[in-house]
Amino acid sequence: MILRQTRKMHIKPIKMRWLTGGVNYSYLLSTQDGSKSWLIDPAEAGEVLAELNKSQLASVEAIVNTHHHYDHAGGNVAMLAALKKEGHSVEVIAGSKTSPAATKIPDHSQRFKLGELEITCIRTPCHTQDSICYHVKDVSTNEQAIFTGDTLFTAGCGRFFEGTASEMDAALNDRILNAVQEPNWSSTRVFPGHEYTKGNVNFIRKAIYRHVGENNAFDALEKFTNQYEISTGHFTLSDELRFNPFMRLDDPIVRKMVGDDKGSWSRSQVMNQLRKMKNAS
Ligand SMILES: [Zn+2]
């Protein structure tokens with residue numbers, strides 16, 4: 001008998017700021033053999049270092065930020081110092097120099113190689129102007145993931161701190177989807193910057209899909225969140241397209257519930273009103 005071992009890329013979510021309510025995630029993205037990694041948004045160096053063993057620490061080739069906010073980029077300097085102590089000097093990849101110690105500022109669609117992993121930077125300005133989502137594909141297994149920071153949350157999206165509703169529509173529904181490409185949507189697992197799914201589900205049940213049976217994918221998501229605390233990495237871009245109202249701006253139920261009874265609003269008007277309702281919830 002031949003034993004076949006399926007080797008896979010590794011994604012290790014690391015909880016940060018859960019006791020203070022931030023419910024942030026850092027992620028260690030590693031090649032199949034674990035020899036090379038990206039460390040994404042290690043905002044709290046202490047909490048991250050406690051979760052990494054020696055070889056994981058040694059594998060880090062870059063610290064990577066999804067955007068400049070302190071609860072994502074605030075650990076860059078401390079993390080660099082900890083790595084330097086081990087004899088490693090690494091790149092800091094970020095959307096702008098506002099991220100402390102940034103050394104590489106990728107363009108939209110710029111690609112990086114990490115072993116057998118192919119990573120595409122998708123610039124998604126809105127939550128901040130320097131927001132980047134990172135799509136990763138293991139070319140040997142076709143396994144895929146996207147790290148979305150505070151742009152896309154499972155069943156939600158980030159606040160528009162530095163951008164407009166039309167920019168968020170472009171970020172979620174044009175830039176991400178087009179960069180990943182339709183054949184890959186159903187195999188691309190979503191890894192957001194925060195575990196906000198439960199709150200998003202509560203909002204949607206109160207304000208959008210108020211009745212079971214209106215959206216089966218949403219009903220299933222609600223069941224999942226009633227059962228499990230952790231949702232990161234469990235849902236794909238195709239799932240988001242089925243249950244995330246911010247990616248369903250033309251859904252008649254979404255339009256009706258934001259107040260567009262005639263279906264005559266622009267997509268950005270719908271996006272804007274959805275975000276307003278979520279902010280007020
Ligand atoms: Zn943020």
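A short reminder: the numbers here are calculations on the coordinates, not readings from a lab. This is a predicted model, so every value here is computed, not measured. FYI the Cβ positions are ideal-geometry reconstructions off the backbone, even for glycines, and counts take in every protein chain you see.
From the list G233, G199, the lone residue that is under 19 Å from the mean Cα position of the chain (by Cα), at positive phi and surrounded by 14 or more Cβ atoms within 10 Å (Cβ to Cβ) is G233.
Note on the stretch 203-217: among residues that are assigned to a helix (DSSP H, G or I) and touching a residue at least 40 places away in the same chain (Cβ under 8 Å), the one that is nearest to R242 (Cα to Cα) is I204. Does I11 fit the bill of being in contact (Cβ under 8 Å) with a residue 24 or more places away in the chain, away from the ligand (no atom under 16 Å from the Cβ) and closer than 26 Å to S187 by Cα? Yes: the conditions hold for I11. What are the residues in the stretch 99-135 that are within 16 Å of the ligand (Cβ to nearest atom), under 16 Å from V180 (Cβ atoms) and either surrounded by fewer than 23 Cβ atoms within 10 Å (Cβ to Cβ) or of a type in the set (A, V, I, L, M, F, W, C) (or both), if any? If the condition is that a residue be within 16 Å of the ligand (Cβ to nearest atom), under 16 Å from V180 (Cβ atoms) and either surrounded by fewer than 23 Cβ atoms within 10 Å (Cβ to Cβ) or of a type in the set (A, V, I, L, M, F, W, C) (or both), then R123, I132, C133 are the ones that fit.
Filtering A145, A165, A155 for residues that are more than 16 Å from the ligand (Cβ to nearest atom), aliphatic (A, V, I, L, M) and at positive phi leaves a single hit, A155.
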